[in-house]
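Trainee: Got a structure for you, questions after.
The values are calculated or read from the model by the stated rules, or taken from the named source; none is laboratory data. Source: prediction; values computed, not measured. For neighbour counting, all protein chains shown are included, and Cβ atoms are generated from backbone atoms with ideal geometry for every residue, glycine included. To get the accessible areas, we keep the full protein, side chains included, count just its heavy atoms, and leave off ligands, DNA and RNA. Shrake-Rupley method; radii C 1.70, N 1.55, O 1.52, S 1.80 Å.
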Amino acid sequence: MNYYKTTYKYQLVMVLFVLFALQSCSDFLEQEPGSQTSITEQLSTKKGMLNALNGTYGSLEANVRGERFAVYADLQGGNLKFTPTITGNSRGQITIPINLENVYSFQDQALDSDFTTFYDESYDVINQTNLILEYVDALPDATDVEKKQIKAEALAIRAYSLYLLSLIYSQAVGNTSPDAQLGIVYNKTSLSSGITYPKRETLTTTYSLIIEDINAALDNFSDKSLLTGPSYSFFNSTNAKALLARVYLSKNDWQNAFATANDVILNSGVSLTPTENYISQWEQTNVPIAENMLEFSIPRDSGGEVGGSLSSYFGYFSNTNYNKYVASQDLLGLYESTDIRKQLFLEKALPTLINGVFVNVNYSFTKKLQDNPGYSAFRLSELYLIRAEAAFELGNLETAKNDINTIRARAKATLLTTTDNLEQALLLERRKELCFEGHLFFDLARRNKSVSRNDGCLSLNCSLDYPSPKFVLPIPRKNINLNSNLQQNESY
């Protein structure tokens, strides 16, 4: 029986390896019909390498834009609720999207996890970066500066992908030493190097490896990417530092979080979008707000037609054409009447079935994510709030208050006049400023706070008390079946 199990496992891994390698190759390059390009051949020239890097960005963009990850932090934390069904037998009824039903109820299942695709695609992206890193130094037709730039972007993509995995699958730093907490599997070699059965690193080691990759990227960046497209679509030294600041914040490394955020604020050349332009820049079509430091470009065909954007989940087009997710009153009620960020909500009355009768009920769509929006990874407002939180933890209360007030003043919200209750003020400001940008649930976990969802909550579990094993998701069972060294998260 053991022999059969081992043989079956080996055969299955080999099949997966072949499929995975082929998929990685096809992700790298759009090939002509009938052609086949080996990974070795493709990555042997600068052109092939840049096609590979561009394909890796495409895979990363598709993964973070996918509905599961794109709505996860705001949905779980309580910023989002659902719209009524437009047509069919369920017209007017409000239901939980089936592909997030278990996650939303804090009851995801290891055997059939809602996030299996995200887990697999994340490691696919990581495998692609590892292939690039393994071949880039041997390029015969690239300069040393070009090789370093390719290496820098691949390292940054790998670090970012692994950081996102750690948010989903590793508990936030809490009362337990991170040396004793489970991190994630940190792959630094591609599948072409052979099949391994790695264990999960500790959380301490996971963060150290992410930081090591980012710092290595920073040592290699040149002035600009070699890829064609908007400069804000690719990793560079500025947004890599923004990632580093966020990682330090997650690690509770307050001194480095403060210093790194401060560096970006003072030296990046990026400025906060002023009050008078704040709403109009969020409303503009196809271009991100100017303070954005990284927004992954959405896919377009040769005619410029969009292949997918976040409006697929948040968009409103008419009363018979709208998508699933709108702001909850839990969020809307936080804004003062003078706060200009209230203008970033599009209120529409939609027919809703209540006690068997259709009633027009108001729903608030976010204007941040209309008109072909891409996934915004980093913008300068977050860096001010990272610096504020780090300053608070370091005892620099006036600095923390001033940074919060910088964001509040831009929004025409009431300014803080004392340093009382700064932790609450920080969380509140992050929730209002960064809503729908993938932060709230992770912020609550990081600050060791409980979740409380009220308006529009359809789950049997509308609250989640901290600490809880349900702040993280299960490693998909199929991955554990293939790798017995892969330890499952508690309660799954």
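Trainee: Among the residues of region 279-289, is there at least one that is assigned to a strand (DSSP E or B) and either open to solvent by 40 Å² or more (accessible area, probe 1.4 Å) or free of Cβ contacts under 8 Å to residues at least 60 places away in the same chain (or both)?
Mentor: No: zero hits.
Trainee: Specify which of the listed residues (Leu111, Leu139, Leu131) is buried (at least 23 other Cβ atoms within 10 Å of the Cβ) and over 20 Å from the mean Cα position of the chain (by Cα).
Mentor: Just a single option satisfies the conditions, and that option is Leu131.
Trainee: So, in region 300-338, how many residues would count as being modelled with pLDDT of 95 or more and either in contact with a Gly (Cβ under 6 Å, 6 or more places away or on another chain) or among the basic types (Lys, Arg) (or both)?
Mentor: 4
Trainee: Quick one: in region 142-160, which of the residues that are farther than 21 Å from Gly194 by Cβ and touching a Ser or Thr at 6+ places or on another chain (Cβ under 6 Å) is most open to solvent (accessible area, probe 1.4 Å)?
Mentor: Taking the candidates together, the pick is Val145.
Trainee: Got a sec? Which of Asn89, Asn99 is without any contact (Cβ under 8 Å) to a residue 12 or more places away in the chain and surrounded by fewer than 16 Cβ atoms within 10 Å (Cβ to Cβ)?
Mentor: It is Asn89.
Trainee: Then there's this: Which of the residues spanning region 426-440 are in contact with a Leu (Cβ under 7 Å, 6 or more places away or on another chain) and open to solvent by 20 Å² or more (accessible area, probe 1.4 Å)?
Mentor: Leu428, Arg431 - these are the residues of region 426-440 that are in contact with a Leu (Cβ under 7 Å, 6 or more places away or on another chain) and open to solvent by 20 Å² or more (accessible area, probe 1.4 Å).
Trainee: Please go through region 199-220 and pick out each residue that is touching a Phe, Trp or Tyr at 6+ places or on another chain (Cβ under 8 Å) and not small (Gly, Ala, Ser).
Mentor: Glu201, Thr205, Thr206, Leu209, Ile210, Ile211
Trainee: Taking region 291-309 only, how many residues are within 20 Å of the chain's Cα centre (by Cα) and either free of Cβ contacts under 8 Å to residues at least 40 places away in the same chain or closer than 28 Å to Thr338 by Cα (or both)?
Mentor: Going through region 291-309 one residue at a time, the tally reaches 4.
Trainee: Find the residue count for region 184-220, including only residues that are β-branched (Val, Ile, Thr), open to solvent by 30 Å² or more (accessible area, probe 1.4 Å) and not in a strand (DSSP E or B).
Mentor: The total comes to 5.
Trainee: Only one of these conditions is not met by Leu155: (1) free of Cβ contacts under 8 Å to residues at least 12 places away in the same chain; (2) farther than 18 Å from Leu486 by Cα. Which number is it?
Mentor: Among (1) free of Cβ contacts under 8 Å to residues at least 12 places away in the same chain; (2) farther than 18 Å from Leu486 by Cα, Leu155 violates only (1).
Trainee: Further, regarding this structure: Take the residues in region 68-86 that are assigned to a loop (DSSP other than H, G, I, E, B) and touching a residue at least 12 places away in the same chain (Cβ under 8 Å); name whichever of them is farthest from the chain's Cα centre (by Cα).
Mentor: The selected residue is Ile86.
Trainee: Would you list the helices (runs of 4 or more DSSP H) that sit entirely within region 394-492 and hold 2 or more residues that are closer than 29 Å to Gly315 by Cβ and more than 19 Å from the chain's Cα centre (by Cα)?
Mentor: Because the criterion is at least 2 residues that are closer than 29 Å to Gly315 by Cβ and more than 19 Å from the chain's Cα centre (by Cα), the helices (runs of 4 or more DSSP H) in region 394-492 that meet it are 397-411, 422-433.
Trainee: Anything in region 290-329 that is of a type in the set (Gly, Ala, Ser) and not in a strand (DSSP E or B)? List them, or say none.
Mentor: Ala290, Ser297, Ser302, Gly303, Gly304, Gly307, Gly308, Ser309, Ser311, Ser312, Gly315, Ser328, listed by residue number.
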